[in-house]
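Each remark here refers to the structure printed beneath this line.
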Amino acid sequence: MAEKGPCRAEGCGRAAVSKRYCRKHYRLWRRGEMPKPRYKICSAENCRKPRFKGALCEQHWNAAHGKAAAPAAPAPAAA
């Protein structure tokens, strides 16, 4: 059921479908790619860190995509 009026995204004149967004902007909002995202914190259980990519914080995103933390630089040798 389409909502009445135009999409609330700036510069978009399409008809609103849900949450006052057109189909394109509603899809982007659900993915968290709009300026006002759907969720603001990580979706991992008991994690309250801010989102990094998608719905995860940087730590959980790196873990899910097989990215290891950067190794620490070796300490300079004392002479």
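Name the one entry in 42, 22 that is touching a strand residue (DSSP E or B) at 6+ places or on another chain (Cβ under 7 Å) and farther than 25 Å from residue 4 by Cβ. Walk me through how you get there before you give the answer.
Numbers: 22 fails: farther than 25 Å from residue 4 by Cβ.
Answer to the selection: 42.
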Is there a residue being under 30 Å from residue 23 (Cα atoms), surrounded by 10 or more Cβ atoms within 10 Å (Cβ to Cβ), touching a helix residue (DSSP H, G or I) at 6+ places or on another chain (Cβ under 9 Å) and modelled with pLDDT of 80 or more anywhere in the stretch 56-72? yes
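The values are calculated or read from the model by the stated rules, or taken from the named source; none is laboratory data. Bear in mind the structure is a predicted one, so any value in this text is a computation, not a measurement. Reconstructed Cβ throughout: ideal geometry from the backbone, glycine too, with neighbour counts over all protein chains shown.
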